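Everything on this sheet refers to the single structure shown next.
The values are calculated or read from the model by the stated rules, or taken from the named source; none is laboratory data. Since the structure is predicted, the reported quantities are computational estimates derived from the model, not experimental observations. Side chains are part of the model used for accessible areas, which takes the heavy atoms of the whole protein and leaves out ligands, DNA and RNA. Shrake-Rupley method; radii C 1.70, N 1.55, O 1.52, S 1.80 Å.
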Amino acid sequence: MAYCMLTFGEMLKQASHGIVTQAYSGPIALRDKLAHVPHRKLNAEVLATSVERATTEILPLIQARIQDLSNAVS
């Protein structure tokens, strides 16, 4: 789970090109912690809550953007 959130946060960080929106700030901050804090110091409940929140709040934004890009190409 930690690796998935690290990867997800890194993807958002790169995609934001330095302009971090409110929706992306949490996962990017979590990515930074996952990348730089020893895993034994991580709180599993915080990680689980972050995954749930990313699924409900951020995934729809990403899916909508993908749809927008698909429509622009068509």
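Just a few scattered comments:
- Mean-square fluctuations from a GNM of the chain, with a 10 angstrom spring cutoff on Cα atoms, peak among P60, P38, P27 at P38.
- The slack in the chain from V73 to H36, taken as 0.36 nm per residue of separation less the alpha-carbon distance, amounts to 9.5 nm.
- Accessible-area composition of the chain, carbon plus sulfur, in percent [1.4 Å probe]: 60 percent
- Couplings 3J(HN,Hα) of segment 22-39, computed from phi: 4, 5, 8, 5, x, x, 5, 5, 5, 4, 4, 5, 4, 6, 10, 9, x, 4 Hz, in residue order, whole Hz [Karplus 6.51 cos²θ - 1.76 cosθ + 1.60, θ = phi - 60°; x for Gly and Pro].
- With Cα atoms, 0 to 90° folded angle of helix 2-16 axis to the chain main axis: 40 degrees
- For the pair Y3 and T21 in one chain, pulling the backbone fully straight at 0.36 nm per residue adds 4.2 nm over the alpha carbon distance.
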